[in-house]
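Asks: Sharing a structure, written as structure tokens. Questions coming.
The values are calculated or read from the model by the stated rules, or taken from the named source; none is laboratory data. Keep in mind that what you see is a predicted model, and the values were worked out from it rather than measured. Note: ideal-geometry Cβ built from the backbone for every residue, glycine included; neighbour counts use all protein chains shown.
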Ligand SMILES: NC(=O)c1ccc[n+]([C@@H]2O[C@H](COP(=O)([O-])OP(=O)(O)OC[C@H]3O[C@@H](n4cnc5c(N)ncnc54)[C@H](O)[C@@H]3O)[C@@H](O)[C@H]2O)c1
């Protein structure tokens, strides 16, 4: 394929449950993917380039960020990105009284500041390739539960960042977010091992009677990067199977 015909998508957190589905989905739909993660990946494929990066360092160390950008320029033959999926996040649980400065700042760096600075890093090519950015936020941006204060605050900020960046970016690059409720990743399922009844109750609590698959989130991200969504900009799309409308008061 000619370099000018290639479409490059960069996915952060590519080794995680949703990251793997994003990578496969974009590859299956004609993109070449730069799959980035803090952990090393041994998976190889002709349309996937793995890159080990620490998003917190991208935020805190400008030289490291510039080096990352140069690597992406080399990989793409200076074509740059057509799609950027800010998917990586960390979820540190703890009550307001327990959260440490280190946990708070790390969460904000990885979950909010990294999507901002990674997007900033690739704006020029995203603009020249008529590209799009998708931030993977969460239902926790709007509704949360006890001990999620750090994660939920970071997701609230990520959704807000999406709306605010759209105003500034104007017609240069579209940016949107997805706010999923529970997604059936290996890690989530492992957390329910031996607790089948609790998992069944979780599914039943969703009006749609199940939780999302990683592929459903990936398909939505693909849509938000496609021509079919050309007027959607600065939107935070919920993907919750209807649970965002449910009160949890006892009946
Ligand atoms: N799984 C769910 O139920 C669910 C629901 C709503 C939203 N989300 C969101 O979806 C996204 C993906 O979630 P997931 O379930 O696949 O999580 P995951 O933990 O499986 O994957 C996250 C990935 O991010 C990487 N990562 C963490 N810190 C990093 C850093 N400093 N630099 C680079 N990479 C780093 C991890 O190594 C991991 O591979 C997250 O933004 C999460 O908040 C998940």
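Asks: Among the numbered conditions (1) in a loop (DSSP other than H, G, I, E, B); (2) within 14 Å of the ligand (Cβ to nearest atom); (3) out of contact with any helix residue (DSSP H, G or I) (no Cβ under 6 Å at 6 or more places or on another chain), tell me where residue 90 comes up short.
Replies: Failing condition for residue 90: (3).
Asks: For the condition modelled with pLDDT under 95 and more than 20 Å from the chain's Cα centre (by Cα), what is the one hit in 197, 203, 193?
Replies: Answer to the selection: 193.
Asks: Can I ask one more? Against the definition (buried (at least 20 other Cβ atoms within 10 Å of the Cβ), in contact with a strand residue (DSSP E or B) (Cβ under 8 Å, 6 or more places away or on another chain), assigned to a loop (DSSP other than H, G, I, E, B) and touching a residue at least 40 places away in the same chain (Cβ under 8 Å)), how does residue 81 come out, yes or no?
Replies: Numbers: buried (at least 20 other Cβ atoms within 10 Å of the Cβ): yes; in contact with a strand residue (DSSP E or B) (Cβ under 8 Å, 6 or more places away or on another chain): yes; assigned to a loop (DSSP other than H, G, I, E, B): yes; touching a residue at least 40 places away in the same chain (Cβ under 8 Å): yes.
In short, yes.
Asks: Looking at the range 159-188 only, could you name the residues that are part of a helix (DSSP H, G or I), closer than 20 Å to residue 233 by Cβ and within 16 Å of the ligand (Cβ to nearest atom)?
Replies: Within the range 159-188, 159, 160, 161, 162 meet the criteria.
Asks: Next question, about the same structure. Kindly indicate whether any position in the range 19-30 is out of contact with any strand residue (DSSP E or B) (no Cβ under 7 Å at 6 or more places or on another chain), without any contact (Cβ under 8 Å) to a residue 24 or more places away in the chain and either more than 10 Å from the ligand (Cβ to nearest atom) or within 26 Å of residue 236 (Cα to Cα) (or both). Don't jump to the end; show me each part of the working.
Replies: At the first step, the residues of the range 19-30 found to be out of contact with any strand residue (DSSP E or B) (no Cβ under 7 Å at 6 or more places or on another chain) are 20-21, 24-25, 28-30.
Filter once more, keeping what is without any contact (Cβ under 8 Å) to a residue 24 or more places away in the chain: 28, 30.
With either more than 10 Å from the ligand (Cβ to nearest atom) or within 26 Å of residue 236 (Cα to Cα) (or both) added as a condition, the list becomes 28, 30.
Yes, some residue in the range 19-30 is out of contact with any strand residue (DSSP E or B) (no Cβ under 7 Å at 6 or more places or on another chain), without any contact (Cβ under 8 Å) to a residue 24 or more places away in the chain and either more than 10 Å from the ligand (Cβ to nearest atom) or within 26 Å of residue 236 (Cα to Cα) (or both).
Asks: Next up: I'm trying to understand the selection: among the residues of the range 210-244, which are away from the ligand (no atom under 11 Å from the Cβ), within 20 Å of residue 157 (Cα to Cα) and assigned to a loop (DSSP other than H, G, I, E, B)?
Replies: Passing the criteria: 232, 233, 234, 235.
Asks: Starting from the range 49-64, keep only residues that are over 10 Å from residue 110 (Cβ atoms), then list their pairs with residues that are loosely packed, with under 14 Cβ neighbours inside 10 Å and modelled with pLDDT under 95 whose Cβ atoms are within a distance under 7 Å, requiring at least 6 positions of separation or different chains.
Replies: none
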